[in-house]
Structures are given as structure tokens and as C-alpha cells.
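For reference, the structure discussed in these notes is given below.
The values are calculated or read from the model by the stated rules, or taken from the named source; none is laboratory data. As the structure is a computational prediction, the values presented were derived from the model and not from experiment. For neighbour counting, all protein chains shown are included, and Cβ atoms are generated from backbone atoms with ideal geometry for every residue, glycine included.
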Amino acid sequence: MPSTPHAAPRELTFAVIVPTYRRPAQLARCLRALEAQRFPRDRFEVVVVVDGEGEPPEGCGPARVIRQANAGPGAARNRGAAATSADFLAFVDDDCVPDPGWLAALAERAAADPECGVGGAVVNALDANPYAAASQLIVDLAYAHHNVDPARATFFASNNLAFPAAAFRALGGFDAAFRTASEDRDLCARWLESGRRLTFVPEATVAHMHDLTLGGFARQHFAYGRGAWRFHAESRRRGRGRLARDLAFHRGFLAAARRRLHHAPPSRRVTLAALLALWQGANALGFAYEALRDRAARPLARRVRPAVAG
């Protein structure tokens with residue numbers, strides 16, 4: 001009796017989720033790049049989540065648009081994830097331009113291991129901007145620290161990562177309480193704690209186009225410091241303290257930064273070194289600010305705790 005041929009496995013579908021807030025020109029550029037993806041158009045959709053006021057640009061392809069009251073990027077990504085039935089959720093930010101092969105590279109790795117989270121590389125598209133260049137250097141150092149083994153990665157930024165939709169929802173998605181930063185660190189940590197894996201795919205590249213100023217750079221990394229405190233507070237709450245490991249990263253940072261700066265143009269080295277020092281200071285201030293804020297809120301929470309009846 002002839003054997004019955006096996007049906008070909010169903011090809012994965014993707015939803016590309018783009019949170020946006022008051023950046024219509026950047027969003028238009030991102031959507032044009034998504035329209036140019038070398039990936040079957042019937043296997044992915046684009047979901048734009050407008051987080052608060054603002055309108056998406058016209059004429060940028062058949063993106064589905066969802067609007068919500070301003071609740072932060074984590075909540076916006078969760079809203080987009082809830083609105084799709086795709087197998088995989090790919091996240092990118094409105095100030096990023098995905099390479100034409102970005103989604104295909106993520107999909108190839110996801111097809112090989114459909115239960116794994118996948119992240120790609122982020123590169124700076126504004127080389128002439130020293131603040132963007134310094135921020136990229138920090139990202140590069142973080143990825144070099146966290147993703148030494150691509151098959152056992154531990155961190156991806158939220159502007160270039162993808163998760164199987166069912167597992168993402170089972171984990172609770174992004175924690176929307178992280179309004180300033182570190183929602184990606186928190187999600188990656190919880191993903192790994194659940195026994196799942198993360199894989200780094202450097203071929204899946206997005207270009208980051210964040211046109212920073214000096215003030216914007218300082219504010220950004222102050223906010224990252226605030227997010228870092230919340231991340232460590234949540235990790236402690238789950239019995240998964242990580243502060244010692246983060247301190248180890250910062251201890252090794254100077255040596256790693258020195259090696260990277262050696263390859264920078266001589267005219268840029270002093271500027272980058274100064275901005276890295278500013279990053280460390282702004283990050284530490286943000287961390288301390290959020291710690292003090294958290295400590296001040298605890299007595300208030302105890303005072304307003306409702307009495308238990310009986």
C-alpha cells in the first residue's frame with residue numbers, strides 16, 4: 001500500500017508592530033522600508049499603534065492603524081500584538097529603517113526553531129551625529145556583553161526582535177509599567193526565566209535614525225537609568241536579582257570602550273569619550289532618582305492601604 005505523502009509544513013505568518021508617537025516623518029520612512037521587504041506580502045501585515053495624539057502619514061501602504069490613549073511603547077506593542085492572529089510578532093520602532101532582507105532573515109531563523117525568540121542587529125544611520133554615534137557604541141557594547149553566543153543570547157533592544165505570538169501572550173507581553181525604558185530587558189529576562197531561548201541573527205538589520213542633541217542624549221540615558229532601577233526592582237521581586245551582573249558589565253565597560261574608541265577617527269575620540277562619561281553619569285542619576293522615588297512611595301502606599309474587613 002503506497003504511503004500517504006506528508007503535507008508540507010505551513011509557512012509562518014508575521015505581524016510587524018510599529019508603535020509611534022508624534023513622529024510622522026520617521027514613521028513614513030519606516031513604513032516605506034517595510035513595503036520594500038523581500039518577503040511574501042501575503043505572509044505579513046503591518047500594524048501601526050498610535051500611542052496618543054498624532055496621525056500616521058498617508059500613502060504608505062496598507063498598514064493597519066490602531067489608536068490608543070498615551071500609555072507608553074510597551075502598552076502600544078501589546079495592543080498591536082492583541083490585534084493580530086499572525087504566528088510571529090516582529091517589533092520595530094518608528095525611527096528605524098529595516099533592511100530589505102530584515103523580515104526574511106528573522107523568518108528563516110524562526111522557521112528553524114518556532115519556539116525561540118529572535119533578535120537582529122541595530123546600526124546607526126546618522127554617523128555625522130556624535131550623540132547618535134555614542135548611543136550606538138553603548139548598544140554595541142551591550143550586545144557584545146549579552147550575546148557572546150548567538151544561539152544563547154540574553155538581550156535584544158525592542159526595536160528589532162520577534163517572538164512566537166502564543167508564547168509572547170502566555171508570558172504577558174511587555175510590562176506596560178516600564179514607561180521610561182527597560183521594557184525590553186524585562187521581557188527578555190522573563191522569557192529566559194520561563195525556559196525559552198533567544199537567538200541573535202545579525203543578518204536581520206535595522207538602521208536607527210534617532211537625530212539626538214546633547215540635551216536629548218542626556219535625557220535619554222537618564223530615562224534609561226530610571227528604567228534600569230525598575231528592571232532590578234522587578235527582578236528582585238521575582239527572586240532573580242541581577243545587579244551584580246550589571247556591575248560586572250560596568251566594570252568591564254572602560255576596557256571594552258577603550259578598544260572601540262581606538263578604531264574611531266582621531267577627531268571623534270575625545271567627543272565620544274566625553275559622551276560615554278556623560279552616559280555613565282546620566283544613567284547613574286536616573287537610577288538614583290528612581291530609587292529615591294520608589295522609596296518615597298512605599299510609606300505612602302502603606303498609609304493608603306485599605307483596611308481588611310473582619
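Quick grid of which residues meet (1) surrounded by fewer than 19 Cβ atoms within 10 Å (Cβ to Cβ); (2) without any contact (Cβ under 8 Å) to a residue 60 or more places away in the chain:
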{"site": "PHE44", "(1), (2)": "no, yes"}
{"site": "ILE66", "(1), (2)": "yes, yes"}
{"site": "PRO73", "(1), (2)": "no, no"}
{"site": "PHE91", "(1), (2)": "no, no"}
{"site": "PRO100", "(1), (2)": "yes, no"}
Q: For region 38-45, state whether one or more residues are within 25 Å of GLU108 (Cβ to Cβ), under 20 Å from the mean Cα position of the chain (by Cα), at pLDDT 95 or above and in a helix (DSSP H, G or I).
A: no
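Residues in region 182-191: is at least one closer than 17 Å to ASP95 by Cβ, touching a helix residue (DSSP H, G or I) at 6+ places or on another chain (Cβ under 8 Å) and crowded, with 19+ Cβ neighbours inside 10 Å?
Our first condition is that a residue be closer than 17 Å to ASP95 by Cβ; within region 182-191, this holds for 183-184.
In the following step, the residues that additionally are touching a helix residue (DSSP H, G or I) at 6+ places or on another chain (Cβ under 8 Å) were identified as 183.
Those left that are additionally crowded, with 19+ Cβ neighbours inside 10 Å: 183.
Yes, region 182-191 has at least one match.
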Q | Residues that are under 23 Å from ALA181 (Cβ atoms), assigned to a loop (DSSP other than H, G, I, E, B) and of a type in the set (D, E, K, R), drawn from region 63-107 | A | ASP93, ASP94, ASP95
**Q.** Enumeration of residues in region 88-118 that are touching a helix residue (DSSP H, G or I) at 6+ places or on another chain (Cβ under 6 Å), under 20 Å from GLY173 (Cβ atoms) and charged (D, E, K, R)
**A.** ASP94
Q.
Please determine whether any residue of region 300-309 is at pLDDT below 90, surrounded by 11 or more Cβ atoms within 10 Å (Cβ to Cβ) and among the aliphatic types (A, V, I, L, M).
A. no
Q: Return yes or no: is VAL148 without any contact (Cβ under 8 Å) to a residue 60 or more places away in the chain and under 23 Å from HIS208 (Cα atoms)?
A: yes
(Q) If the requirement is being more than 19 Å from LEU276 (Cα to Cα) and within 14 Å of the chain's Cα centre (by Cα), which of these qualifies: ASP149, ASP99, ASP94? (A) ASP94
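Can you confirm whether LEU31 is in a helix (DSSP H, G or I), farther than 27 Å from CYS116 by Cα and of a type in the set (A, V, I, L, M)?
no
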Q: Could you tell me which numbered condition ALA121 fails, if it satisfies all but one of (1) among the aliphatic types (A, V, I, L, M); (2) under 17 Å from the mean Cα position of the chain (by Cα); (3) not in a strand (DSSP E or B)?
A: (3)
Q.
Return the pair list, or none, for Cβ contacts closer than 7 Å from residues in region 264-290 that are within 20 Å of THR213 (Cβ to Cβ) to residues that are of a type in the set (Lys, Arg), at least 6 apart or on different chains.
A. GLY286/ARG226
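Residue-wise test of (1) β-branched (Val, Ile, Thr); (2) on the phi > 0 side of the Ramachandran plot; (3) surrounded by fewer than 16 Cβ atoms within 10 Å (Cβ to Cβ).
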residue	(1), (2), (3)
THR13	yes, no, no
VAL16	yes, no, no
GLN26	no, no, no
ALA83	no, no, yes
VAL97	yes, no, no
ALA112	no, no, yes
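If you check ALA112, ALA170, ALA189, ALA132, which single one turns out to be in contact with a Phe, Trp or Tyr (Cβ under 9 Å, 6 or more places away or on another chain), hydrophobic (A, V, I, L, M, F, W, C) and free of Cβ contacts under 8 Å to residues at least 60 places away in the same chain?
Values: ALA112 fails: in contact with a Phe, Trp or Tyr (Cβ under 9 Å, 6 or more places away or on another chain); ALA170 fails: in contact with a Phe, Trp or Tyr (Cβ under 9 Å, 6 or more places away or on another chain); ALA132 fails: free of Cβ contacts under 8 Å to residues at least 60 places away in the same chain.
Just one listed residue meets the conditions, ALA189.
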Q: Could you tell me whether region 170-179 includes any residue that is in contact with a Gly (Cβ under 9 Å, 6 or more places away or on another chain), in a loop (DSSP other than H, G, I, E, B), more than 26 Å from GLY101 (Cα to Cα) and charged (D, E, K, R)?
A: yes
